[in-house]
Structures are given as C-alpha cells and as structure tokens.
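Undergrad: First the structure, which I've put down as structure tokens, then a few questions once you've had a look.
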Amino acid sequence: MIEKATWGYDGNLEPLYEVEEREDEFLVTFDLPRVRREDVEVNTTKDTVEVVARMSRAICWEHWGSVQRKITFQAFRKRIRLPEQVEPEKASAIFKNGILQINLPKARRKVVVPIT
Amino acid sequence: MSFFLIAMKKMEELVRVVEEEGEGYKGEGYKNPIVVAGLPDVGLVGTIAVSYIVEKLEMRTEKEKCREIGYIESDLFPPVMVIHEGRLKSPFRIYGNESVVVVLSEAAVPPNAVYPLTRALADWFKRIGARLVIPITGLPVAKRIEISKPEVFAVGNSEEAVRWLKEKQVEVLEEGFIAGSYALMLRECGKRRTNAISLLAQCFPVYPDPGAAASAIESLEQFLNLGIDVGELLEKGEEIKLKARDLMRQTALSAPEMQKGVEQDIPIMYR
C-alpha cells in the first residue's frame with residue numbers, strides 16, 4: 001500500500017500533529033509554520049477536531065516531488081478523529097511560535113470509587 | 001570458515017562507507033578530522049544542524065571548502081535515492097575537507113540498520129584518524145513551547161571526553177537512558193578508542209526544530225570553531241520546518257522501535 005501524501009492539489013498541506021492522552025483531557029498540538037494566530041480556525045465536535053490555518057505567505061516549490069511542476073500551498077488543513085468523546089464547548093487553545101495547542105476535556109470524567 | 005565467522009563477515013558488509021574520488025577529494029589526506037554527524041532523530045536537530053553546516057562550508061574558500069566525499073550504502077536501507085539539481089544521490093552522504101567531516105542523512109535510518117551502520121561508521125572514523133566524533137541530536141522536552149532558547153546538554157564516551165565537556169562548561173547529562181543511533185555511535189566509537197561527544201539540544205519531539213539546531217551549532221563552535229553564524233538558520237526556520245515535514249513524519253514513525261520512549265525513564269540504579 002502506498003502511504004497517502006500529506007498534501008493536496010487544492011493548495012493545502014497536512015500539518016504535523018500530536019495527540020497526547022491525559023487523565024481528563026486530550027492535548028492536541030499542531031505545527032503550523034508561516035501561520036499567524038488570527039489566521040487559525042479550530043472546530044471541534046464530540047469526537048473530532050479540525051484545524052484550518054492560512055499561511056501568511058504561500059510556499060511555492062518549482063519542482064515538487066513526483067509532480068515535477070510548480071506547486072503552491074497557502075494553508076494547512078487537518079481533521080483528527082479523537083479516541084474518545086470530549087466536551088467541545090469546554091475546549092481551549094493557545095498559539096505560540098507556530099505551535100497550536102488545543103486542550104479538549106474528556107466527556108467521561110473519572111469517578112472516585114469509595115473504599116469501604 | 002566457520003558459520004560464526006561467515007555470519008560476522010556478513011554483518012560487517014551490511015553497511016558500507018563508500019569514498020568517492022572527485023574534484024578536490026583528498027583521499028587519505030585527512031588531518032585527524034573532527035566528525036560531525038546528524039542522523040534523523042527527535043526534532044531533526046542533527047539533520048537540520050549538519051545540513052546548515054554543509055551549506056555554509058560549501059561556500060567557503062578552497063582550503064576550508066566542504067565537498068561531498070562519499071556515501072553510505074546498505075541492503076538494510078530503504079530502496080530510495082534522492083535527486084538534487086537533476087543529480088542522483090544517496091540520501092546517506094558524507095561531506096568534508098581535511099579537517100572536518102560531516103555525516104548526514106535525508107532518510108530515516110531503519111531501526112534494524114542502526115547497529116551495523118554505527119559499527120561501519122565507527123570503523124571508518126577510526127581509519128581516517130578522527131580525533132573527535134560529535135553526533136548532534138535533540139533532547140525532547142514537554143514544555144518546549146515555553147523555551148525561547150533551547151539549552152544544550154552533552155554525553156561523552158570516555159573520561160577524556162567528559163573532561164573536555166567540563167572544561168568547556170557544557171552541561172553533562174548525569175543520569176538517564178539514551179537511545180537511537182547517536183547512543184550506539186558513542187559506544188561503538190568508545191570501543192575503538194575514538195573520543196566522541198554527543199550534543200543534545202532541548203527540542204520538540206515530533207516537530208522539526210531549527211531553534212534547537214541553532215543552539216546545537218553554537219555549542220559545537222566550542223569544539224570546532226567554524227565561525228558559523230546561525231542567524232540565517234533562525235530566519236529561515238519556518239521554511240526549514242515546511243521542507244522537513246515528511247522526514248520528520250518518517251522519523252517519528254520509527255521512534256517506538258528505536259526505543260526513544262526509554263529516554264523518559266529513570267534507571268533503576270539512579271543515584
């Protein structure tokens with residue numbers, strides 16, 4: 001099987017990302033070089049998080065990989081399916097030095113079991 | 001020949017360092033060079049750092065100029081070649097002049113190739129009379145987003161190497177595990193009595209980190225004194241990150257098999 005390319009002819013690149021599972025939340029980060037905070041859009045549902053981020057300056061490569069023609073990318077786009085449900089309205093995000101960090105609290109929080 | 005000897009012979013041949021004769025190649029004329037290695041690892045710190053060093057040294061005057069002097073081949077490597085300016089090249093290449101040798105790779109090292117690769121390189125470093133081997137890599141930190149200038153730590157493979165580090169006031173890693181090609185390169189060089197020092201810059205684990213590479217180059221200056229200004233590396237950081245996405249992705253995929261997670265563990269004999 002050929003691994004799926006991380007770019008599209010629509011001018012979008014797939015960003016590098018990482019999903020870290022913590023006790024009560026998922027911490028999702030995206031690497032978004034050439035992007036400013038005001039050009040980032042984050043959408044979440046109960047089980048997905050989607051990021052669309054426009055670059056401040058498009059990147060153009062003259063001889064791109066197997067295509068061997070000029071290709072330009074203006075944005076990053078990626079939708080991730082989360083391993084379990086979250087509370088989208090309680091999500092928060094910060095953007096610093098090209099890294100977007102999204103905190104997504106889990107829908108099912110831990111319950112303390114009484115010990116008798 | 002016994003089965004054991006045949007097996008050993010085959011192991012030796014798994015990875016070959018091939019020296020190319022070309023314009024300006026000085027053959028056996030190395031003057032106890034310092035070797036700098038940057039194989040893909042966390043944050044691609046070594047790869048970014050050595051690629052920048054080569055780019056800068058290629059522009060130097062005739063005496064200091066760094067040229068492509070060889071490559072590394074192995075049946076264990078992926079069947080991949082790279083094309084630059086219409087020329088076919090191995091992704092595992094060696095650059096250098098008589099006093100500096102640089103080893104770099106544009107493809108992730110398959111985990112099953114790490115042992116034979118580091119052995120073959122350590123043998124070759126010994127053969128060219130390297131006086132010091134410096135693998136550059138990253139030290140993943142959880143709060144990298146909050147660090148504006150990554151710190152650099154080091155590991156030496158001998159008493160002498162550790163003494164040099166202390167003299168240069170480079171912070172030495174005192175406890176913990178290290179994993180990956182640089183860890184084995186330190187050991188294999190040590191077995192051949194070649195001094196080696198690994199420089200580890202704080203970095204993002206799975207994102208290319210030009211800032212960490214810049215810190216590593218600044219630290220390297222204490223040993224090599226190449227006079228490389230990292231300003232352009234930092235200025236072009238975002239472009240480098242864009243170009244390095246796919247190599248970072250390939251490298252991150254092999255991280256579990258490289259036991260990179262062990263680097264976060266505490267050794268049982270921790271003091």
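Undergrad: Suppose the Debye formula is applied to equal point scatterers at every Cα of the stretch B:176-258; what is log10 I(q)/I(0) at q = 0.16, 0.18 Å⁻¹?
TA: Normalising to I(0) and taking log10 leaves -0.80, -0.97.
Undergrad: With the cut-off at 1.5 for a/c, could you classify the stretch B:22-111 from its C-alpha gyration tensor as rounded, prolate or oblate? It would help to have the intermediate numbers written out before the result.
TA: Details: a/c = 1.68, a/b = 1.47, b/c = 1.14.
Here the stretch B:22-111 falls in the prolate category.
Undergrad: Ranked by Cβ crowding within 10 angstrom, fewest neighbours first, how are B:151, B:174 ordered? Don't skip to the answer; put the middle values down first.
TA: Numbers: B:151 14, B:174 9.
Sorted ascending by nearby Cβ count, the order is B:174, B:151.
Undergrad: Restricting to the stretch B:139-271, compute how many DSSP beta bridges are antiparallel as a %, nearest 5.
TA: Details: 5 of 9 bridges.
Bridges in the stretch B:139-271 that DSSP calls antiparallel: roughly 55 percent.
Undergrad: So, one more: If I take R0 = 45 Å and measure r between the Cβ atoms of residue B:73 and residue A:111 in this structure, what FRET efficiency does the formula 1/(1 + (r/R0)^6) give, to the nearest 0.05?
TA: Between residue B:73 and residue A:111 the formula returns 0.20.
Undergrad: Relative contact order for chain A using alpha-carbon pairs under 8 Å, separation at least 6, rounded to a whole percent? Numbers along the way, then the final one.
TA: Details: 217 pairs, mean separation 32.3, N = 116.
Averaging sequence separation for qualifying contacts and normalising by length gives 28 percent for chain A.
Undergrad: Which whole-number percent is the relative contact order of chain B (Cα, under 8 Å, 6+ apart)? All intermediate terms of the calculation are to be shown ahead of the outcome.
TA: Working: 532 pairs, mean separation 65.1, N = 271.
Computed value for chain B: 24 percent relative contact order.
Undergrad: Another one. Could you work out the local net charge near residue B:173, counting Lys and Arg as +1, Asp and Glu as -1, over the other residues with Cβ closer than 14 Å to its Cβ?
TA: Values: positive: B:166, B:271; negative: B:151, B:171, B:174, B:175, B:263, B:265.
So the environment of residue B:173 carries a net charge of -4.
Undergrad: May I pose another question? In peptide B:163-171, what is the residue-averaged number of other protein chain Cβ atoms found within 10 Å of each Cβ? List each step's numbers first, then the result.
TA: Details: counts 0, 0, 0, 0, 0, 0, 0, 0, 0.
Taking the mean over all residues of the peptide, I get 0.
Undergrad: Determine which residues of the stretch B:39-67 fall in the zone a paramagnetic label at residue B:232 would reach in this model, i.e. backbone nitrogen under 11 Å from the point 7 Å along Cα→Cβ.
TA: Under cut-off, by backbone N: B:52-60.
Undergrad: For the residues B:84, A:63, what sequence is obtained by ranking on other C-beta atoms within 10 Å, fewest first?
TA: Values: B:84 8, A:63 12.
Ranked by crowding around the Cβ, least crowded first: B:84, A:63.
Undergrad: Under the classification rounded if a/c is under 1.5, otherwise prolate if a/b is larger than b/c and oblate if not, where does chain A fall, given a ≥ b ≥ c as square roots of the Cα gyration tensor eigenvalues?
TA: Values: a/c = 3.34, a/b = 2.18, b/c = 1.53.
It comes out prolate by the Cα gyration axes.
Undergrad: Still on this structure, I have one more. With Cβ to Cβ distances under 12 Å as the rule, what net charge do the other residues near residue A:54 carry (K, R +1; D, E -1)?
TA: Details: positive: A:34, A:36, A:37, A:57, A:77; negative: A:38, A:39, A:41.
With Lys, Arg at +1 and Asp, Glu at -1, the net is +2.
Undergrad: If you take each beta carbon of peptide A:31-38 and count the beta carbons of other chains within 10 angstrom, what is the mean? Numbers along the way, then the final one.
TA: Numbers: counts 10, 3, 12, 5, 1, 0, 0, 0.
Mean number of neighbouring Cβ atoms from other chains: 4.
Undergrad: What is the stretch B:34-75's relative contact order, in percent, from Cα pairs under 8 angstrom and six or more apart in sequence? It would help to have the intermediate numbers written out before the result.
TA: Numbers: 23 pairs, mean separation 8.7, N = 42.
Rounded, it is 21 percent for the stretch B:34-75.
Undergrad: Could you order the peptides B:119-126, B:162-169, B:195-202 from most to least packed, using the average number of other C-beta atoms within 10 Å per residue?
TA: B:195-202, B:119-126, B:162-169
Undergrad: When Cβ neighbours within 10 Å are restricted to other protein chains, what is their mean count per residue of peptide B:233-241?
TA: Values: counts 0, 0, 0, 0, 4, 10, 4, 1, 7.
For this peptide, the per-residue mean of nearby foreign Cβ atoms is 3.
Undergrad: What share of the DSSP beta bridges in chain B is antiparallel, in percent to the nearest 5? Mind showing how you got there, number by number?
TA: Details: 22 of 39 bridges.
DSSP beta bridges in chain B are roughly 55 percent antiparallel.
Undergrad: Could you give P(r) for the stretch B:68-183, binned at 5 Å from zero, as whole percent values over all Cα-Cα pairs?
TA: Calculated over all Cα pairs of the stretch B:68-183, the distribution is 2, 8, 16, 18, 18, 17, 12, 7, 2, 0 percent.
Undergrad: Give the Rg/Rh ratio for the protein assembly as shown, taking Rg as the radius of gyration of the Cα atoms and Rh as the Kirkwood radius, to two decimals.
TA: On the way: Rg = 22.4 Å, Rh = 22.5 Å.
The Rg/Rh ratio comes out at 0.99.
Undergrad: Past 22 Å, Cα to Cα: identify those pairs from B:89/B:243; A:106/B:241; A:96/B:149, in the order given.
TA: Details: B:89/B:243 18 Å; A:106/B:241 31 Å; A:96/B:149 14 Å.
Violating the 22 Å Cα-Cα cut-off are A:106/B:241.
Undergrad: From the Cα gyration tensor of chain B, with a ≥ b ≥ c the square roots of its eigenvalues, which class applies: rounded if a/c is under 1.5, or else prolate if a/b is larger than b/c, or else oblate? The partial results should precede the final answer.
TA: On the way: a/c = 1.25, a/b = 1.09, b/c = 1.15.
Rounded, since a/c falls under 1.5.
Undergrad: So how far apart, in nm, are the two label points at residue B:59 and residue A:79 if each is 7 Å from Cα heading toward Cβ?
TA: 4.5
Undergrad: For the pair residue A:58 and residue A:38, how long in nm is the line joining their label points, each one 7 Å along Cα→Cβ?
TA: 2.1
Undergrad: Another one. Using Cβ contacts closer than 10 Å as the measure, can you line up B:59, B:269 from fewest to most? Before the final figure, lay out the partial values.
TA: Numbers: B:59 9, B:269 6.
Ranked by crowding around the Cβ, least crowded first: B:269, B:59.
FYI, it's all coordinate maths here, none of it is from the lab. Keep in mind that what you see is a predicted model, and the values were worked out from it rather than measured. Here the Cβ is made from the backbone with ideal geometry for all residues, glycine too, and neighbour counts use every protein chain on show.
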